[in-house]
Amino acid sequence: ASSLAGSGCLDGQFWSPARGAMLLRVRRGNGAELLARRFALRRGFNSICAELDLRRRDRLRLEADVEGVFSRPLLYRLLPAGQRRCVILISADNLGADHLDLYGYERGTAPAIAAFRREAVLFRWAFAASPWTLPSHMSLFTGLSENEHGVRFRVTNEEQAAAGKGPPQSLSFPLGLDKEFLVERLARGFVTCAFTGGINVAAAFGFHRGFDDYSEAANDPLASDSAARLFAGAARHMSRHRFPDAFYFLHTYQVHLPYRPPRDLLPEGCGRRDFDFERDLGGIAGVFRRNDARVVAEAAALYDGEVREFDRRFGDFLAFLKRSGLYDRAMIILLSDHGEEFFEHGSWAHGTDLFNSQVRVPLLVKFPAGRFAGRSVERPVSLADVLPTVLDDQGLELPPALRGRSLLAELRGAPLPRPVLCTNLEGRNWTRIAPQAAWIEDGFKLIGHWPAPPGGTFFAAPPPAFPPWQLFRLDADPRELRDLAGELPQVALRLRRRLQRALAGHGPASAEH
């Protein structure tokens, strides 16, 4: 029964095994019944959206002539765009902060992001909790570190897969029901929708929890127009489904390997049209194999082309939000789950270490009505802090015992000590990669390296050898070229003890070495 009166909308999805029809009937309080809408059903998912002139105590009934599965039906009041409340979380997978001019990159790769920065808060030292997609995004959505949420997968035929003797076979470990997925809290006050590239943010790992609509694009990493399709689809959805309170998670692999930027963004003088993980690096077996400087430069230039393409489509999406009247009241968050390494520390791609090239990420937050616009936060923060900040800003209760914390106190002038933990322990995607953990505090970053499990011939070139502990000064040495562990042993020891307390009982990093 409707508690609304006036212009409203009934919204939902219906999965049908066959073609058919669905009827929406409205029974009025005086007993009169009318057919409000007829929907033709196709096989698969069907969007059910009907605008209605509602009266209080109207009873709505949906009837289908085929069996199927219905999502939670949503009945809401239609409001003007300027009164709608939107939170939009955008994840540009694999976009490292060190390839954005906002963070000091020498090439101008992202003019739209630079313009957005004027209306947003820029977090200069934001870190992913892990150096690859699956555990990093799960930390984003749970406020927990990788060793706390436990989400991972394990390749069971590593030797054969690395040698190209068969496809990887893996066991998946999704989010346990004893762990809270923070979208479930947002769903108490928002309609929740996600448009993603799937794969390592697939619903099978638990990323669907709390979402009314969770969509995964096919072959997203292989498409040169994945960002264009993502933002165009989101704009269509927002135009058609005018929820008064909506949370959107938008994710794309546009910047991810393989690098295949559109032709108009190909770097001048580059001898390559694309750069492929399997073909040009030899897959996981080749991630530690050195290439000549020309190959590194061309790969980085193609990556920058992908960054420019994402930036162009991000700019188009912001223009849509402004035209539609949604922009001013929207909270818009732009981030990435990890960066990309071009052999700065002896490896390619990501998932192999915790240096800044892999874990320092962009983070910009535009608050509604221009609050905090143009501000910069210099203290290190974690992606695990993002959802607690959203919950806090929307007046929703935060669960206890989160590693992530709301950043609003920082913005209101009451900064708190905020150490940041990054790990690549049980959640690393290949066990032959050495476990690592990092602790960031007081302007320093300490990285601990543990030995990889022995056995087998896995990598085409051996991984780089690192000392057990490395210490870097963030502001003076963002590329982490000068290890200060020997010069500042007391600082290294203090951070090492704090790291080990944080990891107590979690895998190899809890042991002394």
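Any idea of the accessible area per residue across the chain, 1.4 Å probe, to the nearest Å²?
Details: 21000 Å² over 513 residues.
Per-residue accessible area for the chain comes out at 41 Å².
Over the C-alpha trace of region 204-261, radius of gyration and Dmax come out as 13.0, 38 angstrom. A full extension of the chain between ARG273 and ALA232 corresponds to an added length of 12.2 nm, given 0.36 nm per residue minus the alpha carbon distance. Computing Rg and the Kirkwood Rh from the Cα coordinates of region 128-179 gives a ratio, Rg/Rh, of 1.09. Round to a whole number: what % of the accessible area of the chain belongs to carbon and sulfur, probe 1.4 Å? That fraction is 51 percent.
The simple spin-label model puts a point 7 Å past each Cα toward its Cβ; for ARG77 and ALA114 those points are separated by 4.4 nm.
This model, with +1 at the C-beta of Lys and Arg and -1 at the C-beta of Asp and Glu, gives region 17-169 a dipole about its Cα centre of some 1220 debye. Put simply, the C-alpha atoms of region 293-333 give a gyration tensor, and the ellipsoid matching it has half-axes of 33, 9, 4 Å, longest first.
In what sequence, highest mean first, do 406-415, 192-201 appear when ranked by Cβ atoms within 10 angstrom? It would help to have the intermediate numbers written out before the result.
Values: 406-415: 15.1, 192-201: 22.6.
In decreasing order of mean packing, 406-415, 192-201 become 192-201, 406-415.
The local environment of ALA217, defined by Cβ-Cβ distances under 15 Å, has a net charge of -2 under the rule Lys, Arg +1 and Asp, Glu -1. Straight-distance candidates among the lysines for linking to LYS445, with alpha-carbon spacing under 29 Å and chain neighbours fewer than 8 residues away dropped: LYS179, LYS366. Quick note on region 107-225: its Rg to Rh ratio, both from C-alpha atoms and Rh being the Kirkwood radius, is 1.02. Between amide H atoms placed 1.01 Å from N, distances below 5 Å from GLY150 occur with no residue 5 or more places distant or on a separate chain.
Compactness ratio for region 331-489: Cα radius of gyration over 2.2 N^0.38 Å (N = residue count) comes to 1.18. A full extension of the chain between LYS179 and ARG497 corresponds to an added length of 111.8 nm, given 0.36 nm per residue minus the alpha carbon distance.
Under unit Cβ charges (Lys, Arg +1; Asp, Glu -1), what dipole magnitude, rounded to 20 debye, does region 183-244 have relative to its Cα centre?
Working: 7 positive and 6 negative charges, 57 e Å.
The dipole of region 183-244 has a size of about 280 debye.
Judged by the mean number of other Cβ atoms found within 10 Å, the most tightly packed of the peptides 171-180, 255-264 leads the ranking 255-264, 171-180. Each residue of region 466-482 was assigned a 3J(HN,Hα) from its phi angle through the Karplus expression (A = 6.51, B = -1.76, C = 1.60, θ = phi - 60°), giving 10, x, x, 9, 10, 10, 10, 8, 5, 5, 7, 9, x, 8, 6, 9, 10 Hz with x at Gly and Pro. Put simply, the Cα atoms of the chain extend 83, 54, 48 Å along their principal axes, the longest span coming first.
Centroid-to-centroid, using Cα positions, region 103-118 and region 377-447 are 24 Å apart. Solvent exposure of ARG117, expressed as accessible area, is near 30 Å², computed with a probe of 1.4 Å over the protein chains only. Per residue, the chain reaches -6000 deg cm²/dmol at 222 nm when only DSSP H runs of four or more residues are counted, each adding -39500 (n - 2.57).
The values are calculated or read from the model by the stated rules, or taken from the named source; none is laboratory data. Model, not experiment: these values are computed from the prediction. Here the Cβ is made from the backbone with ideal geometry for all residues, glycine too, and neighbour counts use every protein chain on show. Accessible surface areas use protein heavy atoms only, side chains included; no ligands, DNA or RNA. Shrake-Rupley method; radii C 1.70, N 1.55, O 1.52, S 1.80 Å.
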